[in-house]
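K.L.:
Encoded as structure tokens, here's the structure I'll be asking about.
The values are calculated or read from the model by the stated rules, or taken from the named source; none is laboratory data. Because the structure is predicted, anything quoted here is derived from the model rather than measured. Cβ coordinates were reconstructed from backbone atoms using ideal geometry, including for glycine residues, and neighbour counts include every protein chain displayed.
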Amino acid sequence: MACNYYIKKQYKSGMVPVFVRIRSRVLNVDVKLSTNLEVDAFKWNSANSSPKAFANFRKSAAGVELFAKLDRIEQLLEEQLKAKVALTSDQAREIINSVTYAEAIEAKKRAAEEKARKEAESKKITLNKYIKTYIDQVSSGARQTEQGRNYAYSTVKAIKQAMKQFELFQQETGRTYDFKDIDMNFYYDFTAYLKNKNYAINSVGKCIKELKAILYAAEIEGYHSNSIWKDKKFKGTRVEIDSIYLTREDLDKIMAADLSKYGIGHEQARDIFMVGVWTAQRVSDYNNIKKEDFDTLTKNVMREEDDPEHPGKKKAWIEQQEITYLNIRQQKTGAKVAIPCNAALKAILEKYDYQLPHLEDQVINRYIKEVAQTAGLTELVEIETTKGGTPKKEKIEKYKLIHTHTARRTGATLMYLAGVDLYDIMKVTGHTSPAMLKKYIKADQLDVVQKLTDKYDYFK
């Protein structure tokens, strides 16, 4: 044997180190090293008293564990010598350590692998991490629309609200969802969760729509390949809902309302709201109008009247007419629209020298309801909603249903009832299709009857 194990002669009892001597005359190797293993000196000496005693010691509990490692060390060292490797002390030490400290080396390896796994996991883009990054980017302008414009405040707000519900859903279910987990079971559970919170069906649909937009962005950026969310059943349902518009009589009452008991804010909120009516824009646009958004053009108009000096004849002349119009690019869509200013709109604009005040949307919503209540818009209005998946009809005082978007809906509806062509209304509102515009027009049956009667002799 090229390897011999021994303990130092002076040791007679207690745990002592086991040494190995590695020899090869052919390779001129003679190395003595500690194996870093220990043995009971008395048992070792007793075992070496005879072959039978040694065999019995190897079979003992202490011997089995010790010689499993000593035999492995010997095997590896012998393999090196048979391969004609002239082992140095350092080379032999490395082989011995690989066996003696195998458990420690393996534990260290596992710890390093676990550390690497955790580091990789921390760097991995999960769905929740992506959502946070996505929201940060749309909020800061780092991520823009396909038209290269910043997302509108209202859009960012809607994304945040939808993803807040996704976060709350995960908290309630005690489960963290990643890209791979977004399947039909998730869809059913999430929509059921929202319905149980008494969310209207359009609100549920909005949450699904925003989540799908984020999943789409993450997919094209290479963060996942889950396509289940594209299934036609995985949809953000939207239904037509009863939303009111204000009649001209309602608007006259609002403008005539005595607001002396309120501060200046209520009057400003009313005026801003009315600008929204006469421009038929979103609150993100009509609540941010500036003086530089207005332009004027001069138009030559032919005028004529009876000529008193020549009975039966007319005299004509050219009159220059100045037209003031609002020229803006809509924040949400980037569409550029030009809206002529009618007399009612001009009166409000001149009041503020075309520099409208700005109030927070929530403030306008609160104040305009109070203004409308003061104006007497307290009649009951029956509306139909779908909450928690169940259609409901209820009667609510009209002023409670008024909010910032009512202005845009009112403007589109009044233009329609005045006989303005749908395509011309679209040029003002910025809608890209008549179908989308018609969702805004909320004329009731009696309004339509009057419109048809006024427009067509057939009904007279």
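K.L.:
One residue is enough: does the stretch 7-24 have a residue meeting the conditions of a type in the set (D, E, K, R), outside any loop (DSSP other than H, G, I, E, B) and closer than 20 Å to GLU74 by Cβ?
P.N.:
Initially, the stretch 7-24 is screened for residues of a type in the set (D, E, K, R), giving 8-9, 12, 21, 23.
The next check asks that each one be outside any loop (DSSP other than H, G, I, E, B); those that pass are 21, 23.
Keeping just the survivors that are closer than 20 Å to GLU74 by Cβ gives 21, 23.
Yes, there is a match, as at least one residue in the stretch 7-24 is of a type in the set (D, E, K, R), outside any loop (DSSP other than H, G, I, E, B) and closer than 20 Å to GLU74 by Cβ.
K.L.:
Further question on the same structure: Among the residues of the stretch 267-282 satisfying the criterion of being over 24 Å from VAL381 (Cα atoms) and not charged (D, E, K, R), which is farthest from the chain's Cα centre (by Cα)?
P.N.:
GLN268
K.L.:
Further question: Do the conditions hold for LEU251, that is, is it surrounded by 13 or more Cβ atoms within 10 Å (Cβ to Cβ), at negative phi and under 34 Å from the mean Cα position of the chain (by Cα)?
P.N.:
Judged against the criteria, LEU251 is not a match.
K.L.:
Determine, yes or no, whether TYR177 is outside any helix (DSSP H, G or I), modelled with pLDDT under 90 and out of contact with any Pro (no Cβ under 8 Å at 6 or more places or on another chain).
P.N.:
no
K.L.:
Considering the stretch 302-352 alone, what residues qualify as being of a type in the set (Ser, Thr, Tyr) and not in a strand (DSSP E or B)?
P.N.:
Result: THR333, TYR352.
K.L.:
Please go through the stretch 225-244 and give me each residue that is surrounded by 13 or more Cβ atoms within 10 Å (Cβ to Cβ) and at pLDDT 90 or above, ordered by number.
P.N.:
ASN226, ILE228, TRP229, PHE234
K.L.:
Next up: For residues in the stretch 133-172 being surrounded by 16 or more Cβ atoms within 10 Å (Cβ to Cβ) and outside any helix (DSSP H, G or I), which is nearest to the chain's Cα centre (by Cα)?
P.N.:
This residue is TYR151.
K.L.:
Does ILE95 meet the test of being free of Cβ contacts under 8 Å to residues at least 40 places away in the same chain, over 18 Å from PHE19 (Cα atoms), surrounded by 12 or more Cβ atoms within 10 Å (Cβ to Cβ) and β-branched (Val, Ile, Thr)?
P.N.:
For ILE95, the condition - free of Cβ contacts under 8 Å to residues at least 40 places away in the same chain, over 18 Å from PHE19 (Cα atoms), surrounded by 12 or more Cβ atoms within 10 Å (Cβ to Cβ) and β-branched (Val, Ile, Thr) - is not met.
K.L.:
Looking at TYR367, TYR399, TYR352 in this structure, which one is within 24 Å of LEU297 (Cβ to Cβ), at pLDDT 90 or above and in contact with a helix residue (DSSP H, G or I) (Cβ under 9 Å, 6 or more places away or on another chain)?
P.N.:
After ruling out the rest, the residue left standing is TYR352.
K.L.:
Can you tell me which of (1) in a loop (DSSP other than H, G, I, E, B); (2) buried (at least 20 other Cβ atoms within 10 Å of the Cβ); (3) not hydroxyl-bearing (Ser, Thr, Tyr) is the one PHE273 doesn't meet?
P.N.:
(1)
K.L.:
Taking the stretch 27-60 on its own, how many of its residues are out of contact with any Gly (no Cβ under 8 Å at 6 or more places or on another chain), over 22 Å from ILE96 (Cα atoms) and among the small types (Gly, Ala, Ser)?
P.N.:
Result for the stretch 27-60: 6.
K.L.:
Name the one entry in LEU215, LEU194 that is in a helix (DSSP H, G or I), more than 15 Å from the chain's Cα centre (by Cα), crowded, with 19+ Cβ neighbours inside 10 Å and not assigned by TED's automatic domain parsing to the domain that holds ASP285.
P.N.:
LEU194
K.L.:
Next question, about the same structure. Go through the stretch 65-91 and count every residue that is of a type in the set (A, V, I, L, M, F, W, C) and touching a helix residue (DSSP H, G or I) at 6+ places or on another chain (Cβ under 7 Å).
P.N.:
5
K.L.:
A further question follows. What do you reckon, is TYR130 of a type in the set (Ser, Thr, Tyr), farther than 22 Å from SER225 by Cβ and surrounded by 11 or more Cβ atoms within 10 Å (Cβ to Cβ)?
P.N.:
no
K.L.:
Continuing with the same structure: Does LEU446 satisfy being at pLDDT below 85 and farther than 18 Å from VAL277 by Cα?
P.N.:
For LEU446, the condition - at pLDDT below 85 and farther than 18 Å from VAL277 by Cα - is met.
K.L.:
Does the stretch 76-93 include one or more residues that are assigned by TED's automatic domain parsing to the domain that holds ASP30, in contact with a Cys (Cβ under 8 Å, 6 or more places away or on another chain) and of a type in the set (Asp, Glu)? Working first, answer last.
P.N.:
Residues of the stretch 76-93 assigned by TED's automatic domain parsing to the domain that holds ASP30: 76-93.
When the remaining residues are screened for being in contact with a Cys (Cβ under 8 Å, 6 or more places away or on another chain), the result is 77-78.
Narrowing further to those that are of a type in the set (Asp, Glu): 78.
Yes: the stretch 76-93 contains one or more residues that are assigned by TED's automatic domain parsing to the domain that holds ASP30, in contact with a Cys (Cβ under 8 Å, 6 or more places away or on another chain) and of a type in the set (Asp, Glu).
K.L.:
Here is a further query. Give me the residue from the stretch 42-68 that is crowded, with 19+ Cβ neighbours inside 10 Å and in contact (Cβ under 8 Å) with a residue 24 or more places away in the chain and, out of that set, farthest from the chain's Cα centre (by Cα).
P.N.:
Among those that are crowded, with 19+ Cβ neighbours inside 10 Å and in contact (Cβ under 8 Å) with a residue 24 or more places away in the chain, it is TRP44.
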